[in-house]
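The values are calculated or read from the model by the stated rules, or taken from the named source; none is laboratory data. Note that the structure is a prediction, hence the values are computed from the model and not measured. Note that each Cβ is placed from the backbone with ideal geometry, even for glycine, and that neighbours are counted across all protein chains shown.
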Amino acid sequence: MSRILLGWWLFGFLMLASWVAVAGEDRRAHADDLYALVELEDAAEIYAELVQASPEDPGLRVRLAECLTRTDQFVEAREHAEVAVKLTRGGARALAELGLALHRAGDFDAAEERLLQATEADGECGRCWWGLGRTVALLGEYEAASRHFQRAASLEPDNPLFLRSLSPFVTERDKRKELYQRYLELPRAEELSVWGNVRTWLALLEFAGERRLNQVEVPEQGTAVRMETDRGMTYISVDVGGRKKRRYLFDTGASGFTISTGLMRRLKLKPVDVFTITGIGGDGLARVPMVLVHQVRVGDTIVRNVPAVVRDTAPMVDGLLGPTFFGGHSVTLDHEKGELRIGGSEKEDEPAESTGKRRQKGRKKKRERETLEIPFLSINGTPFISIRVDGVVMNAMVDTGASQASLSMHSAQQVPGLQLMAPGLAPPAYREIRGSTGKSREVRVVRRARLEFAGETLEMVSHLPDSRRILVRLNLTPLSHALGTEVWAILGNPQLRSYNLHIDWQRQILSLTKFR
């Protein structure tokens with residue numbers, strides 16, 4: 001009898017083990033299906049369950065790390081990728097996912113190191129070359145980035161992510177159109193907003209025909225236009241479509257060119273397609289029309305065939321533009337002289353002083369102002385520099401269009417002992433902040449912190465009515481997701497308006513000269 005019972009017990013155990021294995025296979029297949037449908041959060045949930053059941057499976061860890069990185073959970077992604085690297089003894093795919101998690105976190109030096117190791121471990125790994133291309137592009141190594149993206153696309157010609165990353169580096173219009181068309185024909189591998197924007201760029205190229213988009217003409221000696229400052233923001237006059245001058249906000253945090261709804265009607269422009277912009281506020285996304293403007297003139301600088309999104313920025317403003325609008329030419333915001341300079345030399349000749357002024361000064365020598373040169377990263381056409389908040393180093397967006405300095409929710413957690421004011425106790429102006437995509441209601445004012453940048457230390461305190469010393473915590477995750485890397489902080493207009501700024505895109509150097 002005991003033998004019979006033992007036999008039945010063994011039979012039951014084997015059946016259960018078989019059922020568990022089949023169930024595990026079914027769950028893995030379901031997770032893979034969700035991954036293919038770009039339902040990455042749901043896929044990550046199942047992969048996490050499977051990793052708990054099979055912690056020694058490096059393939060599961062790698063796929064889970066990828067899903068977590070792409071859904072902005074880069075801390076957890078890094079942990080799983082590090083385990084996968086140990087399990088595979090430095091396998092290429094595991095190293096690649098670790099590098100991509102570090103890239104998403106904003107640790108670009110460490111990301112480059114891991115991704116280089118990945119390409120050395122397996123020179124035929126397309127994702128390894130693609131990840132390395134993304135990182136070196138942010139570090140300003142554009143030729144190397146182009147080579148890496150080409151290598152990735154040659155290894156996996158049907159990978160949509162590789163095709164989209166390569167397309168900005170392809171200058172020939174027809175070849176770029178082919179990449180866009182191929183991307184759209186393949187099974188969708190990214191969010192609908194990204195997929196839709198590729199469709200819009202293809203529509204723009206077809207609408208433009210033989211015309212080259214964003215054709216920039218800057219005089220050899222450069223050009224200068226008068227700059228107006230109103231409530232700390234910077235405005236310039238822009239000739240749009242050959243009509244009268246329009247009032248434009250110049251914003252170093254902007255990567256494109258916008259026009260207002262009213263200006264679109266006055267210029268009788270018809271939308272080419274719809275474009276999804278990403279910013280701060282709401283859910284971080286806004287679908288807006290995109291048009292093609294025949295010509296834009298800023299001083300003596302002319303830009304032809306300009307793609308423009310239609311978005312109402314603020315009352316009495318016809319649009320905004322950022323520093324990359326001028327096609328890689330240097331840009332200087334000289335608040336002291338009230339000038340925006342494009343191209344030419346950074347150093348301008350000082351105007352001759354009148355005899356009367358010289359007599360008033362007597363023999364007192366004019367003190368030479370110190371100019372600090374800071375290397376910056378160019379992320380989607382926006383400069384990022386290194387700052388410190390209570391000693392914690394982080395990359396910060398240089399955004400002259402922002403009304404305050406901000407920390408992301410992630411970076412606020414990394415600053416030891418950082419205290420936030422209760423929502424009801426914050427100054428009224430900082431309880432709700434309007435961004436480019438709506439209102440941000442997850443605003444918390446920092447009680448006290450030390451902000452260091454450009455050799456200056458600012459004591460940020462919540463009780464002073466000085467916007468320069470206000471620091472807030474915002475939900476910057478949608479913006480970080482769109483940029484593909486963490487926006488740890490934002491330096492706003494209150495902190496930047498005491499400086500003359502010179503942006504040298506060729507050297508990726510931001511020069512700051514304090515004048516007050």
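Annotations
- Test: residue in the stretch 154-168 that is loosely packed, with under 15 Cβ neighbours inside 10 Å, of a type in the set (Gly, Ala, Ser) and more than 24 Å from VAL288 (Cα to Cα): yes
- Residue that is surrounded by the most Cβ atoms within 10 Å (Cβ to Cβ), among those in the stretch 183-219 that are among the acidic types (Asp, Glu) and without any contact (Cβ under 8 Å) to a residue 60 or more places away in the chain: GLU206
- If the condition is being under 22 Å from LEU34 (Cβ atoms) and either outside the structural domain of ALA43 (by TED's automatic domain parsing) or touching an Asp or Glu at 6+ places or on another chain (Cβ under 7 Å) (or both), then the stretch 85-106 contributes GLU97, ARG104.
- Against the test of being part of a loop (DSSP other than H, G, I, E, B), outside the structural domain of SER408 (by TED's automatic domain parsing) and at negative phi, the options ARG188, ARG199 yield a single qualifying residue, ARG188.
- A Cβ distance below 6 Å, combined with a sequence gap of six or more or placement on separate chains, defines the contacts here; from the stretch 424-448, residues that are on the phi < 0 side of the Ramachandran plot and buried (at least 19 other Cβ atoms within 10 Å of the Cβ) reach residues that are small (Gly, Ala, Ser) and modelled with pLDDT under 75 in the pairs VAL445/ALA426.
- Filtering the stretch 252-270 to residues that are within 17 Å of PRO307 (Cα to Cα) and under 28 Å from the mean Cα position of the chain (by Cα) leaves ALA254, SER255, GLY256, PHE257, THR258, ILE259, SER260, THR261, LEU263, MET264.
- The lone criterion from (1) at pLDDT 90 or above; (2) assigned by TED's automatic domain parsing to the domain that holds ASP251; (3) not in a loop (DSSP other than H, G, I, E, B) left unmet by HIS329 is number (3).
- Residue in the stretch 75-89 that is within 16 Å of ASN159 (Cβ to Cβ) and buried (at least 20 other Cβ atoms within 10 Å of the Cβ) present: no
- The residues of the stretch 205-244 that are of a type in the set (S, T, N, Q) and within 21 Å of VAL309 (Cα to Cα), listed by number, are ASN214, GLN215, THR234, SER237.
- Verdict on THR135 being polar (S, T, N, Q) and under 23 Å from LEU155 (Cα atoms): yes
- ALA29, sole failed condition from (1) part of a helix (DSSP H, G or I); (2) under 23 Å from CYS125 (Cα atoms); (3) among the small types (Gly, Ala, Ser); (4) more than 24 Å from the chain's Cα centre (by Cα): (2)
- The stretch 39-52: number of residues that are part of a helix (DSSP H, G or I), out of contact with any Leu (no Cβ under 6 Å at 6 or more places or on another chain) and more than 16 Å from ALA84 (Cβ to Cβ): 5
- Condition check for VAL306: in contact with a helix residue (DSSP H, G or I) (Cβ under 9 Å, 6 or more places away or on another chain), surrounded by fewer than 18 Cβ atoms within 10 Å (Cβ to Cβ) and over 21 Å from ASP399 (Cα atoms): no
- Test: residue in the stretch 457-471 that is touching a strand residue (DSSP E or B) at 6+ places or on another chain (Cβ under 8 Å), touching a residue at least 60 places away in the same chain (Cβ under 8 Å) and surrounded by 15 or more Cβ atoms within 10 Å (Cβ to Cβ): yes
- With respect to the stated conditions, MET409 is at pLDDT 90 or above, in the same structural domain as ARG388 (by TED's automatic domain parsing) and on the phi < 0 side of the Ramachandran plot.
- Single residue of the stretch 435-466 satisfying the filter (of a type in the set (Val, Ile, Thr) and not in a strand (DSSP E or B)) that is nearest to LEU479 (Cα to Cα): THR437
- Test for ALA402: is it part of a loop (DSSP other than H, G, I, E, B), of a type outside the set (S, T, N, Q), in contact (Cβ under 8 Å) with a residue 24 or more places away in the chain and touching a strand residue (DSSP E or B) at 6+ places or on another chain (Cβ under 7 Å): yes
- Inter-residue pairs, beta-carbon under 8 Å, first assigned by TED's automatic domain parsing to the domain that holds ALA203 and in the stretch 285-299, second surrounded by fewer than 18 Cβ atoms within 10 Å (Cβ to Cβ) and modelled with pLDDT under 95, 6+ apart: none
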